[in-house]
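The next block holds one structure in the form of structure tokens; read it before the comments.
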Amino acid sequence: MPSDVTEKLQVSSTQKIREVDDIKDNTILAAEIFAEYGNFIRSVIRYRVADPELENDLYQDFFLSLTAKPIPSDVRNIKNYLYRAIINDSFDAIRRVEHYHDRIQRFSKVIKNHINNDLPENALIETEETLKMFKMIERLLPNREAQAISLKFINNGSIEEITKNMSVNKRSVSRYISAGLRKLRKLIDKEEVVE
């Protein structure tokens, strides 16, 4: 058994050495291509893309692309091959950028729905009322329950953060929050009955 493991390790380390050597060879080949055709590559990219930053990114990405997938040995017209490869890579890059911008725009629409568009005075009044409500909660509930609810809803704390802050386990935090909310619901129900 140990000889099988040793043999597999030797084979895998030999494969890794070959892969590293292949990467070195591919990098050297890509560097030679860029030394000879670098101006051509840059001009084709510049023609396809108007943004200088994207142009530089594509230029560097194309070098990495040639390192990962070198030009096949049976290619006769290297310039033609490079032109096609650059066009394909630039289409992919432009498509990625467009998808990224679409996602950002959709996200910004979602975020706009969550932003308070009221007047600053109304936002201030809302904040003051919220703070008054939490002070009332602190008066009406036992200390640990009020603390857990405040950490959860004022500080937007996760259960893990609250457990660290209160130095208790997760189950206790959950119990404090549920018991506190249950008591608050009862108090609100009593208030509604009185009114």
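The values are calculated or read from the model by the stated rules, or taken from the named source; none is laboratory data. Remember, it's a predicted structure, so these values are computed and weren't measured experimentally. Positions of Cβ are generated from backbone atoms using ideal geometry, with glycine treated the same way; all protein chains shown enter the neighbour counts.
For this structure, a couple of remarks:
- Flag if Ala93 is without any contact (Cβ under 8 Å) to a residue 60 or more places away in the chain and touching a Leu at 6+ places or on another chain (Cβ under 7 Å): yes
- Qualifying positions in the range 147-176 - farther than 18 Å from Thr127 by Cβ, β-branched (Val, Ile, Thr) and crowded, with 18+ Cβ neighbours inside 10 Å: Ile162, Thr163, Val173
- Condition met for Leu184 (at pLDDT 85 or above, surrounded by 13 or more Cβ atoms within 10 Å (Cβ to Cβ) and either in the same structural domain as Arg42 (by TED's automatic domain parsing) or in a helix (DSSP H, G or I) (or both)): no
- When the range 127-146 is limited to residues that are of a type in the set (Asp, Glu) and surrounded by 12 or more Cβ atoms within 10 Å (Cβ to Cβ), the one that is nearest to Ile188 (Cα to Cα) turns out to be Glu138.
- Single residue of the range 100-149 satisfying the filter (closer than 29 Å to Leu181 by Cα and of a type in the set (Lys, Arg)) that is modelled with the highest pLDDT: Arg144
- Screening the range 21-53 for residues that are among the β-branched types (Val, Ile, Thr) and over 21 Å from Asn80 (Cβ atoms) and picking the one that is surrounded by the most Cβ atoms within 10 Å (Cβ to Cβ) gives Thr27.
- Residues located in the range 26-64, provided they are in a helix (DSSP H, G or I), closer than 22 Å to Lys79 by Cβ and modelled with pLDDT under 85: Asn26, Arg48
- Across the range 65-109, the number of residues qualifying as over 18 Å from Ile41 (Cβ atoms), assigned to a helix (DSSP H, G or I) and among the basic types (Lys, Arg) comes to 5.
- Tabulated pairs, the range 32-55, first closer than 15 Å to Asp89 by Cα, second assigned to a loop (DSSP other than H, G, I, E, B), C-beta under 7 angstrom, 6+ apart or interchain: Glu55/Val49
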